[in-house]
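Here's the structure, in structure tokens; my notes come after.
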Amino acid sequence: MKRSEVQQKDLWRTEDIFTSAVEWEKEFSEVNKALPSILSYKGKLGDKYEFMACMELNSGIMQRLERLYCYAHLKHDENGSDETGLGFYSRAENLYMHYCTYSSFITPELGELDEVTLSAYQSDPDLKTYSYMLSEIRRSKRHILSAAEERLLALGQTVYSGFTNVFGMINNVDMPFPKIDINGKKTRLTHGLYSQCLCSPDVNLRKKAFEGMYKAIGSLINTVAANYAASVAKDNFLATARGYKSAVEKSTDSDNVPGEVYTKLVKTVGENLEPVHRYVALRKKIMGVEKLHMYDLYVSVIKDADLKLSFDEAFELVLKGLAPMGDEYVGLLKTARANRWMDVYETENKRSGAYSMGVTGVHPFVLLNYSSTAHDVFTIAHELGHSLHSYYSSKNQDYVNADYSIFVAEVASTVNEVLLLNYMLKNETNPDMRKFLLSYYLDMFRTTLFRQTMFAEFELTAHTMAQSGKPLTVESLSREYYKLNKKYYGTSVVHDKQIKLEWARIPHFYSAFYVYKYATGITSAVNIAHAILSEGESAVRRYKEKFLSAGGSKSPYDILCDVGVDLKTDEPYRIAMDEFAKTLDELEKLF
Ligand SMILES: [Zn+2]
């Protein structure tokens, strides 16, 4: 479909940012001219009024840059072959890089201010807006070393990123993928093709792809292990150099999240895996196989139901599902539709997938590619969850505090999915549709809670082993991984020997201690949705005021505590796991 064939109501209104390309050009050249002015504050941030003026100028420029950049981004995404959009996009990126160079003195200069000045700034009512930002600077100072030591560490920058690059080369370039037989044609395996094959209903194809993948990675396994061991050593080195007890502590500290959150997640989930084993056993039963293999875990056993809903019908369903959020929230969703925040359908050269992008001072924009599967209906609820999080935060916070952190980024979107699921399950009587909904929910848990926690546990084990002087080798890493695989998936599946090497093909392991955030995200969302459904209005109010409106004005851990989710305790994980077990009970009854 061409964009010109889509009704206007289904296209996003980028004119809300700039009415025309000419207007964008004009703004671009003005911002470009304004950028160097920020330099006039260099060396002056120790003076309160200069600091204030610098911050105001900075956030003014940032907001203008954001609008330039977002407009270009949206235009580029709506039609990738459009030259104007592409041109705007690369120029906006360039402009942003220039800005980063000009403003790069701000954080280090603030960091070098003495404690007396910083603490006076932080408690000054005139500077209230910057209070959290200043507390973060003071916090990070605890791990800043002497100038000479910092210089040495900075000199090693390219060395630190080397391991990721080496892994990229192994994984994307040197991997000797074999050719496999697909529909009678010899085809070279790739990462993309591998994922497709593992979802195929043809068991032989799944098996061939699985064996081919591990044969390829197996042929380079000593190199991968040596590289991963060096990457772990680097993480441990940087943590020790900066005075942290461990690499995991350094990583969680950078999110301003207590280290105990990480260990609590790994421990509590790890101790409650019985329902996951039951889930694997049910999959075996549904598939009707004598032996369930590791390559049988991704094929969907229940087809994505085509709800055959028009977009407007799907949107109505989302409104009903999110009704527990109250009239104000539902009203905002209607505004999103009426005021064209969303770009609904797939059109020629449009970017695939879905996202939400907040634009300060305008409104959020949502890219969709709506067909009519049930999955697509959940995507609407998901993306609008992001949008309203952005909307509430930027409405209630100053610019500097509006952006929420990665740690909580998937919470609001998942809350919406859970609410919608709950509504649909309550009203759905068709057994096939119920099967789909239940398994959709279970898959959410499996992929974001259990699998990511298993990865998180592996990362923790590898770093701890290295720290205590135990060598990380092909044998030791594979042994630990195999143990975890058995622990997480239980006895209903054959633990094919190849799976021992799975650790060697996970790119995320080179950004250590990242994936646990997916697991804490879904845990938090399930708890919040639970409270909304059981407590009603008071829980909604708390969620809107303390979470959706909080942006990045506090530590993400504190924000979650404010809505009753204390990730340092067992309770939230237990509630999430109970929800999983309950859902599984229902699905088991249908087979
Ligand atoms: Zn999302």
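The values are calculated or read from the model by the stated rules, or taken from the named source; none is laboratory data. Note that the coordinates shown come from a computational prediction; the quantities given were computed from them, not determined experimentally. Note: ideal-geometry Cβ built from the backbone for every residue, glycine included; neighbour counts use all protein chains shown.
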- Item | Failed criterion for V400 (all others in (1) within 30 Å of K589 (Cβ to Cβ); (2) surrounded by fewer than 21 Cβ atoms within 10 Å (Cβ to Cβ) hold) | (1)
- Note on the structure: Going through (1) part of a helix (DSSP H, G or I); (2) at pLDDT below 90 one by one, I144 fails only at (1)
- Message: What's the number of the only condition in (1) more than 24 Å from the chain's Cα centre (by Cα); (2) within 18 Å of V515 (Cα to Cα); (3) acidic (D, E) that E475 fails to meet?
- Response: (2)
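Under the condition of being among the β-branched types (V, I, T) and under 25 Å from the mean Cα position of the chain (by Cα), which residue from the stretch 137-169 is farthest from G243 (Cα to Cα)?
Ranking the qualifying residues of the stretch 137-169, first place goes to V166.
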- Quick one: which of Y573, Y514, Y557 is touching a helix residue (DSSP H, G or I) at 6+ places or on another chain (Cβ under 7 Å), surrounded by fewer than 20 Cβ atoms within 10 Å (Cβ to Cβ) and not assigned by TED's automatic domain parsing to the domain that holds T129? Y514
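Can you confirm whether I182 is under 17 Å from Y228 (Cα atoms) and not acidic (D, E)? Let's see the steps before the verdict.
On the way: under 17 Å from Y228 (Cα atoms): no; not acidic (D, E): yes.
No: the conditions fail for I182.
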- Message: Going by what's in this entry, would Y71 be described as among the aromatic types (F, W, Y), part of a helix (DSSP H, G or I) and surrounded by fewer than 19 Cβ atoms within 10 Å (Cβ to Cβ)?
- Response: no
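Answer yes if at least one residue in the stretch 235-247 is aliphatic (A, V, I, L, M), at pLDDT 95 or above and within 23 Å of the chain's Cα centre (by Cα), and no otherwise. Spell out how you get there, then give the answer.
Going through the stretch 235-247, the residues aliphatic (A, V, I, L, M) turn out to be 238-239, 241, 247.
Cutting the leftovers down to at pLDDT 95 or above gives us 238-239, 241, 247.
When the remaining residues are screened for being within 23 Å of the chain's Cα centre (by Cα), the result is 247.
Yes - at least one qualifying residue is present in the stretch 235-247.
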- Failed criterion for T373 (all others in (1) surrounded by fewer than 24 Cβ atoms within 10 Å (Cβ to Cβ); (2) within 13 Å of the ligand (Cβ to nearest atom); (3) closer than 25 Å to D312 by Cβ hold): (2)
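Each row is one residue, and each column tells you yes or no for (1) farther than 20 Å from Y130 by Cα; (2) assigned to a helix (DSSP H, G or I); (3) over 33 Å from the mean Cα position of the chain (by Cα).
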{"residue": "W12", "(1), (2), (3)": "yes, no, no"}
{"residue": "E15", "(1), (2), (3)": "yes, yes, no"}
{"residue": "K26", "(1), (2), (3)": "yes, yes, yes"}
{"residue": "V31", "(1), (2), (3)": "yes, yes, no"}
{"residue": "I38", "(1), (2), (3)": "no, yes, no"}
{"residue": "F51", "(1), (2), (3)": "no, yes, yes"}
{"residue": "M62", "(1), (2), (3)": "no, yes, no"}
{"residue": "G80", "(1), (2), (3)": "yes, no, no"}
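Looking for whichever is in contact with a Leu (Cβ under 6 Å, 6 or more places away or on another chain), assigned to a helix (DSSP H, G or I) and within 30 Å of E30 (Cα to Cα) here; the options are Y89, Y130, Y99. Which one fits? Break it down into steps so the answer makes sense when it comes.
On the way: Y89 fails: in contact with a Leu (Cβ under 6 Å, 6 or more places away or on another chain); Y130 fails: in contact with a Leu (Cβ under 6 Å, 6 or more places away or on another chain).
Of the residues listed, the single one that is in contact with a Leu (Cβ under 6 Å, 6 or more places away or on another chain), assigned to a helix (DSSP H, G or I) and within 30 Å of E30 (Cα to Cα) is Y99.
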- Would you call F513 closer than 30 Å to V224 by Cα and not in a helix (DSSP H, G or I)? yes
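Quick check on this structure: which one of N401, N416, N422 is more than 15 Å from the chain's Cα centre (by Cα), within 16 Å of the ligand (Cβ to nearest atom) and among the polar types (S, T, N, Q)? Steps first, please.
Values: N401 fails: within 16 Å of the ligand (Cβ to nearest atom); N422 fails: within 16 Å of the ligand (Cβ to nearest atom).
Result of the check over N401, N416, N422: N416.
Out of F407, F455, F436, which single residue is away from the ligand (no atom under 16 Å from the Cβ) and either under 30 Å from D235 (Cβ atoms) or not in a helix (DSSP H, G or I) (or both)? Full working, then the answer.
Numbers: F407 fails: away from the ligand (no atom under 16 Å from the Cβ); F436 fails: either under 30 Å from D235 (Cβ atoms) or not in a helix (DSSP H, G or I) (or both).
Result: F455 is the single residue among F407, F455, F436 that is away from the ligand (no atom under 16 Å from the Cβ) and either under 30 Å from D235 (Cβ atoms) or not in a helix (DSSP H, G or I) (or both).
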- Message: If I filter the stretch 36-54 down to residues being surrounded by 17 or more Cβ atoms within 10 Å (Cβ to Cβ) and touching a helix residue (DSSP H, G or I) at 6+ places or on another chain (Cβ under 6 Å), which single residue comes out as nearest to E112 (Cα to Cα)?
- Response: L45
- Out of the stretch 16-35, which residues are in contact with a helix residue (DSSP H, G or I) (Cβ under 8 Å, 6 or more places away or on another chain) and in contact (Cβ under 8 Å) with a residue 60 or more places away in the chain? I17, A21, W24, F28, V31, N32, L35
- Task: Please enumerate the residues belonging to the stretch 410-422 that are assigned to a helix (DSSP H, G or I) and out of contact with any Pro (no Cβ under 8 Å at 6 or more places or on another chain).
- Result: V411, A412, S413, T414, V415, N416, E417, V418, L420, L421, N422
- Message: Take the conditions within 15 Å of the ligand (Cβ to nearest atom) and touching a residue at least 60 places away in the same chain (Cβ under 8 Å) and apply them to A381. Does it pass?
- Response: yes
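Being assigned to a helix (DSSP H, G or I) and closer than 18 Å to T129 by Cβ is true for just one of S394, S387. Which residue is that?
Working: S387 fails: closer than 18 Å to T129 by Cβ.
Just one listed residue meets the conditions, S394.
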- Message: Whether any residue in the stretch 521-537 is surrounded by fewer than 19 Cβ atoms within 10 Å (Cβ to Cβ), farther than 16 Å from A247 by Cβ and among the charged types (D, E, K, R) is what I want to check.
- Response: yes
- Item | Verdict on T448 being at pLDDT below 95, part of a helix (DSSP H, G or I), among the β-branched types (V, I, T) and over 21 Å from L317 (Cα atoms) | yes
- Task: Report yes if Y214 is touching a helix residue (DSSP H, G or I) at 6+ places or on another chain (Cβ under 7 Å), more than 19 Å from A462 (Cα to Cα), surrounded by 20 or more Cβ atoms within 10 Å (Cβ to Cβ) and not hydrophobic (A, V, I, L, M, F, W, C), otherwise no.
- Result: yes
